[in-house]
Structures are given as structure tokens and as C-alpha cells.
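Engineer: Have a look at this one before I ask anything.
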Amino acid sequence: MTIDYQLFKLLNQLAGQNPIFDQLVLLFSKYGPILFGLILVWLWFSNAQNQHENRKIVLYAVSIAILTLGIDKLIEMVYFRPRPFVNHSVILLLEKSNLDPSFPSNHAAGAFALAFALFWKRRKIGAVLILMACFMAFSRIFIGVHYPLDVLAGACIGLGVTYIVMWLIGLMEDTKKHREMYVK
């Protein structure tokens, strides 16, 4: 028995113990991405700090999330890992197709990509989104549709893509500043 499966079992066995908690976790797992989107919409229209900068951050975050999910899809095309309920007896709170791959978790990847992208430029709201992304990852295991390694891989892909994109943006901004210095 792998550590991945043991951790899955430990978290998934918590499901079915409290109907109210089950429903809260299930609702967040299903509709949490909408909450992330609403936060991005709020930031887009927010006048806090600098609205132009806020809009750039939202565009970066959405671009990073799209790129992250694209990488997830490429991985899914190359490697298929069955969902936990295919090979094990689990407490399943959400019906999913057994034809959908478990690895990596798209929910976790997208949530962490958005969270890390916002954290890069807006620490407070980014920290809140990182906590939400952690809860998203937990929820996917809790409801029985992902192993811990699936959500960890999603988080790592989200972090990696965010780091590379933000590093490239930093390079482009530095290059732009150098050009402006020499033009003057």
C-alpha cells in the first residue's frame, strides 16, 4: 500500500461523518472555481492601490491558469491514472466518470496557479487564495476523486508555471526599463 493511497484513505474516511460538512466541502469543490473567478472580477474593478496594475495582475493570473491547465491536459494525454474510486472502495460524494484521469488535478492546478500569481503581486489577497487553494486540494481528496499526489502535482505545476511566467515578465520589464534609460 503506497503512502499516496494511505493519505487518501486517511482523508477520505472523514467524508460521510457529518452531512453538513460533507455538503460544504462538496459545494466548495464544485463551485470554488467560481469563487476564485469572482475574486478576480472584484480585483479587476477594484480601485484599491492601482486599478491599471490590478488589471495587469488579473490578466497575468488568468493567462497563467490557462497555461497551467493546458500543461495538465498534455500530461493527461500522455499518462492516465485512474481515479481512486476505480480501484478502491471509497466514500464518493461526487459522481465522476471513470474515464476522466485523476492525475494531475485540474482543480488544484488552476486554484494554485491563480493563488500564486496573485500572491506574487498582492500578498494579502494571494495569501487568502493560497488558503482557498489548499482547501480546494483537500476537498478533491475528501470527496473521493483525487489522490494526494494528484493535487500536489497540480499545485507544483501551478507554482512552476507562475514562477516561469513571472520571471519572464520581470525580464521583459527590466529590458523595457533599460531601453527607456538609453533613449533618454
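The values are calculated or read from the model by the stated rules, or taken from the named source; none is laboratory data. Quantities reported herein were computed from a predicted structural model and do not represent experimental measurements. For neighbour counting, all protein chains shown are included, and Cβ atoms are generated from backbone atoms with ideal geometry for every residue, glycine included. Side chains included, ligands, DNA and RNA excluded: accessible areas come from the protein's heavy atoms. Shrake-Rupley method; radii C 1.70, N 1.55, O 1.52, S 1.80 Å.
Engineer: Students sometimes get this wrong: rank Arg81, Arg55, Arg123 by accessible area, probe 1.4 Å, all chains present, largest first.
Structural biologist: On the way: Arg81 40, Arg55 75, Arg123 140 Å².
Ranked from most to least accessible, the order is Arg123, Arg55, Arg81.
Engineer: Here's a follow-up. How high is the FRET efficiency between Ser46 and Phe135 when r is their beta carbon distance and R₀ equals 22 Å, given to the nearest 0.05? If you can, show how the numbers build up before the last one.
Structural biologist: On the way: r = 23 Å, r/R0 = 1.05.
The formula returns an efficiency of 0.45 here.
Engineer: Using modelled amide H (1.01 Å from N, peptide plane; none on Pro or chain starts), what sits under 5 Å from the amide H of Arg83, excluding residues fewer than 5 places away?
Structural biologist: Those qualifying (amide H under 5 Å, at least 5 residues apart or on another chain) are Ser102.
Engineer: Could you pull out the pairs from Lys30/Lys56; Lys30/Lys73; Lys9/Lys96; Lys30/Lys96; Lys121/Lys176; Lys73/Lys121 whose alpha carbons sit more than 22 Å apart here? Spell out each step's value before the answer.
Structural biologist: Details: Lys30/Lys56 28 Å; Lys30/Lys73 19 Å; Lys9/Lys96 18 Å; Lys30/Lys96 12 Å; Lys121/Lys176 19 Å; Lys73/Lys121 27 Å.
As for pairs spanning more than 22 Å Cα to Cα, those are Lys30/Lys56; Lys73/Lys121.
Engineer: Would you mind telling me the share, in percent, of accessible area of segment 110-150 contributed by carbon and sulfur at probe 1.4 angstrom?
Structural biologist: Values: 1070 of 1370 Å².
Looking at segment 110-150 in its full context, I get 78 percent from C and S.
Engineer: How much length is gained if the chain between Leu99 and Asn18 is pulled fully straight, taking 0.36 nm per residue apart and subtracting their Cα-Cα distance, in nm to one decimal?
Structural biologist: Gain on extension, Leu99 to Asn18, equals 26.2 nm.
Engineer: Where the only charges are on Cβ atoms (+1 Lys, Arg; -1 Asp, Glu), what is the dipole of the chain about its Cα centre, to the nearest 20 debye? The partial results should precede the final answer.
Structural biologist: Values: 17 positive and 11 negative charges, 120 e Å.
In total the dipole reaches around 580 debye.
Engineer: Still on this structure: Where in segment 90-117 is the amide nitrogen less than 12 Å from a point lying 7 Å along the Cα-to-Cβ axis of Leu26?
Structural biologist: From segment 90-117, the list is 92-96.
Engineer: Kirkwood hydrodynamic radius, segment 67-184, all distinct C-alpha pairs: what's the number in Å? Let's see the in-between values first.
Structural biologist: On the way: mean 1/r = 0.0642 Å⁻¹.
For segment 67-184, the Kirkwood estimate is 15.6 Å.
Engineer: OK, next. Solvent-accessible area of Thr162, probe 1.4 Å, all protein chains present, reported in Å² to the nearest ten, please.
Structural biologist: In the full protein context, Thr162 sits at about 0 Å².
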